[in-house]
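The values are calculated or read from the model by the stated rules, or taken from the named source; none is laboratory data. As the structure is a computational prediction, the values presented were derived from the model and not from experiment. As a convention, Cβ positions derive from the backbone with ideal geometry for all residues, glycine included, and neighbour counts pool all protein chains shown. Ligands, DNA and RNA are stripped out before the accessible areas are found, and what is left, the full protein with its side chains, is counted by its heavy atoms. Shrake-Rupley method; radii C 1.70, N 1.55, O 1.52, S 1.80 Å.
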Amino acid sequence: MSNVAVIGSQWGDEGKGKIVDWLSSRADVVVRFQGGHNAGHTLVIDGNEYKLNLLPSGVVRQGKISMIGNGVVISPWALLKEIATIKEKGVKITPENFVIAENANLILPVHQALDAALEMTRGEGKLGTTKRGIGPAYEDKVARRGIRVCDLRHPEILKEKISKMMFHHNILLAGMGADTMDANETYDKLMEIAGDILHYAGVVWRDLDRARTEGKKILFEGAQGTMLDVDHGTYPYVTSSNTVAAQAAIGSGMGVDAVKYVLGITKAYTTRVGTGPFPTEQDNEIGQFLGEKGKEFGTVTGRKRRCGWFDAVMVRQAVRVNGIHGISLTKLDVLDGLEEIKICVGYRLNGEEIDYYPASQVDQAAVEPIYETMDGWSESTYGARSWAELPAAAVKYVRHIEELIGAPVSMLSTSPERDDTILMRDPFVD
Ligand code: GDP
Ligand code: IMO
Ligand code: MG
């Protein structure tokens, strides 16, 4: 068995979509295991851009099976819209090549209304969510109030569940001064599309178990990144799911040994969209340079991403908490032309040096990065497809990152295009 999990090692948008698409040529099944349509994964194939939110990034390849696991929260409307859009681009999506877990929870309009209302009440302390209803849907899941895909098969129970759920939420919405929601309206809207969703519903854990028995290769596609993980990230400025590699097993219904190789997708600098601490942020001309050159605008919300230097302490922590075997370093080309490049190699907190990112929100905001400065390079690495094409200073930068984070670079990405990728070690091969 040589299954691979692709996860983000920073704050998301590391280029997971591109790498999953590239690796999917070597896989049989691609499965999403957490998050929802807060994710925005971009693939560029021969100049054609695909932006995926819920669909696994393997869908564009013929002959592959794509799955949405139980750990994902699914907005049925967003999913159907995305399927329609991608079909218009000539991609085939049928129940034979696309399955959604019948035990996945749904995101309903009330979750989106709650997400927006809660952000309003937070005022200055808002989290900067994508307002897709992700947090409230996960809250309902653990509160055992959630509506699942399989509930769409049983209208009577569905009606009762929605009514109970709405009773709970309407008290909260009214308390926040927001409009309350009508349970019957949600029920009717859901019943209109129930058949379209059930068309793709299946028993994902069993399909994956069968795939494993048949020696098929499974690629787990993570969304968001380690610093947005609800346990290991910059809490409370995080998403509401576990984004770390261990979630691949839970969120798809496989055993803990399902993943053989954890590939951490890592940007050659750092970005973050939304609020929260960001020690290496460059709110200056460096940040502007990175943002413009890297086209750092959110795929989902269009918001400008905050940019800063590479934080080796944070990525080293991500290597440990995920069990990362190797990283895929992306967007190295964005650093082309910088005279010097800084890397954060430690933090200073209350006069002391520390070598990890502390958990407290107060300490996370207070740490000051300790930088090392390296020479930049003036040559272009954009589109490079071999090590030999990289300038010596770029090679030195990559090697130093490996050393600092304690994991090798397995892949290097040098442009948004699928094939502008250098493979050092195939994660699917032992
Ligand atoms: P994801 O959420 O991790 O899948 O990443 P996004 O798709 O949100 O953001 C990554 C952006 O960088 C996308 O626009 C990609 O097309 C682009 N990208 C990916 N790899 C590279 C790279 O190596 N170089 C450059 N210049 N752009 C890249
Ligand atoms: P991909 O998969 C970057 C951020 C939001 C916000 C926080 C909580 O494309 O890397 P949520 O809507 O999840 O409750 O928002 O998480 N966020 C992301 N940032 N990339 C993502 O996904 C993200 N998904 C959520 O901006 O700060
Ligand atoms: Mg993204």
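Answer yes if at least one residue in the stretch 44-51 is among the acidic types (Asp, Glu), over 28 Å from residue 308 (Cα atoms) and surrounded by fewer than 24 Cβ atoms within 10 Å (Cβ to Cβ), and no otherwise. Let's see the steps before the verdict.
As a first pass, look at the stretch 44-51 and keep what is among the acidic types (Asp, Glu): 46, 49.
Applying the additional criterion that residues be over 28 Å from residue 308 (Cα atoms) yields 46.
Now narrow it down to the ones that are surrounded by fewer than 24 Cβ atoms within 10 Å (Cβ to Cβ): 46.
Taking every residue of the stretch 44-51 in turn, at least one turns out to be among the acidic types (Asp, Glu), over 28 Å from residue 308 (Cα atoms) and surrounded by fewer than 24 Cβ atoms within 10 Å (Cβ to Cβ).
Is it the case, given these coordinates, that residue 420 is among the charged types (D, E, K, R), modelled with pLDDT under 95 and under 25 Å from residue 5 (Cα atoms)?
Numbers: among the charged types (D, E, K, R): yes; modelled with pLDDT under 95: no; under 25 Å from residue 5 (Cα atoms): yes.
Here the answer is no, as residue 420 does not meet what is asked.
For the stretch 173-180, state whether one or more residues are open to solvent by less than 30 Å² (accessible area, probe 1.4 Å) and within 28 Å of the chain's Cα centre (by Cα). Please lay out each step first, then the result.
The initial filter retains those residues of the stretch 173-180 that are open to solvent by less than 30 Å² (accessible area, probe 1.4 Å), namely 173.
Checking the rest, the ones that are also within 28 Å of the chain's Cα centre (by Cα) come to none.
For the stretch 173-180, residues open to solvent by less than 30 Å² (accessible area, probe 1.4 Å) and within 28 Å of the chain's Cα centre (by Cα): absent.
Show me the strands (runs of 3 or more DSSP E) found entirely inside the stretch 311-355 where at least 2 residues are in contact with a strand residue (DSSP E or B) (Cβ under 8 Å, 6 or more places away or on another chain), at pLDDT 95 or above and of a type outside the set (A, V, I, L, M, F, W, C). Walk me through it before giving the result.
Values: elements: 326-330, 340-349, 352-354.
Result: 326-330, 340-349.
Report the residue count in the stretch 45-57 for those that are within 19 Å of residue 218 (Cα to Cα) and away from ligand 1 (no atom under 13 Å from the Cβ).
Residues flagged as within 19 Å of residue 218 (Cα to Cα) and away from ligand 1 (no atom under 13 Å from the Cβ) within the stretch 45-57 amount to 0.
Whether any residue in the stretch 181-201 is touching a residue at least 12 places away in the same chain (Cβ under 8 Å) and in contact with an Asp or Glu (Cβ under 8 Å, 6 or more places away or on another chain) is what I want to check.
yes
Looking only at the stretch 129-159, which residues are within 16 Å of ligand 3 (Cβ to nearest atom) and surrounded by 21 or more Cβ atoms within 10 Å (Cβ to Cβ)? Lay out the reasoning, then the answer.
From the stretch 129-159, those within 16 Å of ligand 3 (Cβ to nearest atom) are 129-132, 134; that's our starting set.
Hits for the stretch 129-159 are 129, 130, 132, 134.
Suppose we filter the stretch 389-426 for residues that are over 29 Å from residue 355 (Cβ atoms), within 16 Å of ligand 3 (Cβ to nearest atom) and among the small types (Gly, Ala, Ser); how many remain?
0
Can you tell me how many residues within the stretch 373-428 are open to solvent by 80 Å² or more (accessible area, probe 1.4 Å) and over 23 Å from residue 46 (Cβ atoms)?
9
Mind checking which pairs have a first residue in the stretch 267-293 that is closer than 15 Å to residue 331 by Cα and in contact (Cβ under 8 Å) with a residue 60 or more places away in the chain and a second that is open to solvent by less than 10 Å² (accessible area, probe 1.4 Å) and of a type in the set (A, V, I, L, M), Cβ under 7 Å, 6 or more apart or different chains?
Correct list of pairs: 268/329; 268/332; 268/334; 268/335; 269/290; 269/334; 269/335.
Here are some residues: 229, 196, 188. Which one is of a type in the set (D, E, K, R) and within 26 Å of residue 18 (Cα to Cα)? Step through it out loud before you land on a result.
On the way: 196 fails: within 26 Å of residue 18 (Cα to Cα); 188 fails: within 26 Å of residue 18 (Cα to Cα).
It is 229.
For the stretch 187-232, give me the residue count where each residue is in a helix (DSSP H, G or I) and either open to solvent by less than 80 Å² (accessible area, probe 1.4 Å) or more than 17 Å from residue 71 (Cα to Cα) (or both). Don't jump to the end; show me each part of the working.
Applying the first criterion (in a helix (DSSP H, G or I)) to the stretch 187-232 yields 187-198, 204-213, 226-228.
This time we only want the ones that are either open to solvent by less than 80 Å² (accessible area, probe 1.4 Å) or more than 17 Å from residue 71 (Cα to Cα) (or both), so: 187-198, 204, 207-213, 226-228.
The number of residues fulfilling the criteria is 23.
Select from the stretch 73-96 the residues that are surrounded by fewer than 19 Cβ atoms within 10 Å (Cβ to Cβ) and not in a helix (DSSP H, G or I) and list them in ascending order.
Of everything in the stretch 73-96, those that are surrounded by fewer than 19 Cβ atoms within 10 Å (Cβ to Cβ) and not in a helix (DSSP H, G or I) turn out to be 89, 90, 91, 92, 93, 94, 95, 96.
Could you check, for the stretch 397-405, whether at least one of its residues is assigned to a loop (DSSP other than H, G, I, E, B) and modelled with pLDDT of 95 or more?
Filtering the stretch 397-405 for residues assigned to a loop (DSSP other than H, G, I, E, B) gives none.
The answer is no; no qualifying residue exists.
Restricting the search to the stretch 280-290, which residues are within 16 Å of ligand 2 (Cβ to nearest atom) and either buried (at least 20 other Cβ atoms within 10 Å of the Cβ) or in a loop (DSSP other than H, G, I, E, B) (or both)? Quick ask: steps written out before the conclusion?
First, the residues of the stretch 280-290 that are within 16 Å of ligand 2 (Cβ to nearest atom): 281, 290.
Across the stretch 280-290, the qualifying residue is only 290.
Take the conditions more than 15 Å from ligand 2 (Cβ to nearest atom), touching a helix residue (DSSP H, G or I) at 6+ places or on another chain (Cβ under 8 Å) and within 27 Å of residue 227 (Cβ to Cβ) and apply them to residue 70. Does it pass?
On the way: more than 15 Å from ligand 2 (Cβ to nearest atom): yes; touching a helix residue (DSSP H, G or I) at 6+ places or on another chain (Cβ under 8 Å): yes; within 27 Å of residue 227 (Cβ to Cβ): yes.
The answer is yes for residue 70.
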